Amino acid sequence: MKNFKLNNKGKYNWNMVIILTLIPLIGVFGTGIYVYYNGVVWQEPLLLLVFWFLSGMGITMGYHRLFAHKAYKTNAFVEWILMIFGSMALENTILKWCSDHRVHHTKAETKEDPYSITEGFWHAHIGWIVKNVPEENSRVRGVKDLTNKSAIKFQNKYYFSIGILFGFIIPLAIGFIYGRPLGAFLWAGFLRLAIVHHATFFINSLCHYIGRRTYDVKSTARDSWFVSWFTFGEGYHNYHHKFQWDYRNGVKWFAYDPSKWIIKGLSFFGVTYDLKKVKEHVIVQNRVNNIKIQLSEMFNKSGDGIRNYYQNKVEQLHIKSERLFALWSDMEVKYAEQLSKGKLKNKEILKSLVNERKRYKEQINLIKQDLQIIMSNVQKKRLQPNLS
Ligand SMILES: [Zn+2]
Ligand SMILES: [Zn+2]
């Protein structure tokens, strides 16, 4: 959003209220009325999808994973492309966006978190943008590492013009080519922008509200495959808050995360590189530890009978899992040493690494299953240890 001067007189910044009301109103009703009188031609939904994809990827792959989290590296040309695509989403400059977002991670759920869910769903969704904020909280900070990039310097000067040119004027010009400029303007300009805005806003609201907390039960961030479907993979927010510098948000190979697939795909051509990724045993250990934290919280609330019945078993499983994780971690160090010496080109060594990982994972999965059975029994106040 363009940086309008703060009107400190009231709770709301009315410029922003009007703009953020008009965009979806024109997007939905304007486009609806246009369609009612003029029908639809195939170019219009296609333009919507293309411009949605480009501006959405500019935010997820560019603003978020590249600039805010430095989850991977790329060349200056791609930085420029992502800067232009991201500007089309009209979600402010890279510097302001990254400044807010980095605070959202480091100060999550505190007063300093700009879109803290503790202030309510509405505030986390859009309220934080339309409210007047004290100058201290709205200043750009913690982004010095980004200020020297040519794409970012250029954007800082011409952000709004770039956003309007690529997000509205170009669709309008394309519309002239097939003879329906207003249609293209509404579909790929307003309707597209309303979708991109609210999809991003839902990550801050819905993804801190509904979904599973598989990796960090203490965080308000949740994993939602549903939100991922319209945010190019950003719905796996519990994982993301736990491991924010991982270039993946949907960590499982089948998790819908097109940003992850494109970043990975480009790495095969050397366009992206230094992709940061959390080691598998660390992720699995985190999941198991998370179940243990949930169980200990449940024990605190349950009666003595339930706790005495299961606590010993949970303790044994804990010791067993810690031993396995220590062995798995040592094994990874050993193979990493061989990799640095170039020995991993040997297919046999690679094969044995894959097999050993599989073996550890299977054993840990059994422990995880037992812990989950105990958890479900505790929930149902049942004393039935049907464990492996
Ligand atoms: Zn978040
Ligand atoms: Zn993030």
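How many residues does the range 74-116 hold that are among the β-branched types (Val, Ile, Thr), more than 14 Å from ligand 2 (Cβ to nearest atom) and in contact (Cβ under 8 Å) with a residue 60 or more places away in the chain? Write out each step before concluding.
Of the range 74-116, the ones among the β-branched types (Val, Ile, Thr) are 74, 78, 81, 84, 93-94, 103, 106, 110.
Within this subset, residues satisfying the condition of being more than 14 Å from ligand 2 (Cβ to nearest atom) are 74, 78, 81, 84, 93, 110.
Next, from what is left, pick out any that are in contact (Cβ under 8 Å) with a residue 60 or more places away in the chain: 74, 78, 84, 93.
Residues meeting the conditions: 4.
Considering only residues that are within 11 Å of ligand 1 (Cβ to nearest atom) and crowded, with 18+ Cβ neighbours inside 10 Å, look in the range 106-129 and name the one that is farthest from His64 (Cα to Cα).
Step by step, filter the range 106-129, then rank; the result is Ile117.
Go through the range 301-330 and report how many residues are in a helix (DSSP H, G or I) and touching a residue at least 60 places away in the same chain (Cβ under 8 Å).
From the range 301-330, those in a helix (DSSP H, G or I) are 301, 304-330; that's our starting set.
Subsequent filtering for residues that are touching a residue at least 60 places away in the same chain (Cβ under 8 Å) retains 305-306, 309-310, 313-314.
Number satisfying all stated conditions: 6.
Mind listing whichever residues of the range 262-281 are in a helix (DSSP H, G or I) and touching a residue at least 24 places away in the same chain (Cβ under 8 Å)?
The initial filter retains those residues of the range 262-281 that are in a helix (DSSP H, G or I), namely 262-267, 280-281.
Of everything in the range 262-281, those that are in a helix (DSSP H, G or I) and touching a residue at least 24 places away in the same chain (Cβ under 8 Å) turn out to be Ile262, Ile263, Leu266, Ser267, Glu280, His281.
Going by the structure shown, is Ala89 closer than 22 Å to His198 by Cβ, under 17 Å from the mean Cα position of the chain (by Cα) and within 16 Å of ligand 1 (Cβ to nearest atom)?
Details: closer than 22 Å to His198 by Cβ: yes; under 17 Å from the mean Cα position of the chain (by Cα): yes; within 16 Å of ligand 1 (Cβ to nearest atom): no.
Considered against the rule, which asks whether it is closer than 22 Å to His198 by Cβ, under 17 Å from the mean Cα position of the chain (by Cα) and within 16 Å of ligand 1 (Cβ to nearest atom), Ala89 comes out as no.
Going through the range 132-171 one residue at a time, which ones are under 18 Å from Leu82 (Cα atoms) and modelled with pLDDT under 95?
Correct list: empty.
Can you find a residue that is modelled with pLDDT of 95 or more and within 16 Å of ligand 1 (Cβ to nearest atom) anywhere in the range 258-267? Give the steps one after another, and end with the answer.
Looking only at the range 258-267, we keep the residues that are modelled with pLDDT of 95 or more, and these are 258-267.
Next, from what is left, pick out any that are within 16 Å of ligand 1 (Cβ to nearest atom): 259.
Yes, the range 258-267 contains at least one residue that is modelled with pLDDT of 95 or more and within 16 Å of ligand 1 (Cβ to nearest atom).
Kindly provide the set of residues from the range 331-366 that are in contact (Cβ under 8 Å) with a residue 12 or more places away in the chain and closer than 24 Å to Arg287 by Cα, ordered by number.
Looking only at the range 331-366, we keep the residues that are in contact (Cβ under 8 Å) with a residue 12 or more places away in the chain, and these are 331-332, 335, 349, 353, 356-357, 360-361, 363-364, 366.
Listed by number, the residues that qualify are Met331, Glu332, Tyr335, Leu353, Glu356, Arg357, Tyr360, Lys361, Gln363, Ile364, Leu366.
Here are Arg141, Arg192: which of them is within 24 Å of the chain's Cα centre (by Cα), surrounded by fewer than 15 Cβ atoms within 10 Å (Cβ to Cβ) and in contact (Cβ under 8 Å) with a residue 12 or more places away in the chain? I'd like the intermediate steps shown before the answer.
Details: Arg192 fails: surrounded by fewer than 15 Cβ atoms within 10 Å (Cβ to Cβ).
After ruling out the rest, the residue left standing is Arg141.
Being away from ligand 2 (no atom under 16 Å from the Cβ) and either touching a helix residue (DSSP H, G or I) at 6+ places or on another chain (Cβ under 7 Å) or under 28 Å from His125 (Cβ atoms) (or both) narrows it down to one residue among Ile283, Ile263, Ile210, Ile293; which is it?
Values: Ile283 fails: either touching a helix residue (DSSP H, G or I) at 6+ places or on another chain (Cβ under 7 Å) or under 28 Å from His125 (Cβ atoms) (or both); Ile263 fails: away from ligand 2 (no atom under 16 Å from the Cβ); Ile293 fails: either touching a helix residue (DSSP H, G or I) at 6+ places or on another chain (Cβ under 7 Å) or under 28 Å from His125 (Cβ atoms) (or both).
From the options Ile283, Ile263, Ile210, Ile293, the qualifying one is Ile210.
Name the single residue that is farthest from the chain's Cα centre (by Cα) among those in the range 9-66 being within 16 Å of ligand 1 (Cβ to nearest atom) and β-branched (Val, Ile, Thr). Spell out how you get there, then give the answer.
Of all residues in the range 9-66, those within 16 Å of ligand 1 (Cβ to nearest atom) come to 59-60, 63-65.
Next cut, β-branched (Val, Ile, Thr) only: 59-60.
Values: Ile59: 10, Thr60: 7 Å.
Result: Ile59.
For a quick check of your reading: which helices (runs of 4 or more DSSP H) sit entirely within the range 142-248 and have at least 3 residues that are farther than 20 Å from Glu44 by Cβ and not basic (Lys, Arg)?
Working: elements: 150-164, 170-177, 181-184, 192-204, 225-228, 237-242.
Those helices (runs of 4 or more DSSP H) span 150-164, 192-204, 225-228, 237-242.
The values are calculated or read from the model by the stated rules, or taken from the named source; none is laboratory data. Note that this is a predicted model, so its numbers are computed, not measured. Virtual Cβ from ideal backbone geometry, glycine too; neighbours counted across all protein chains shown.
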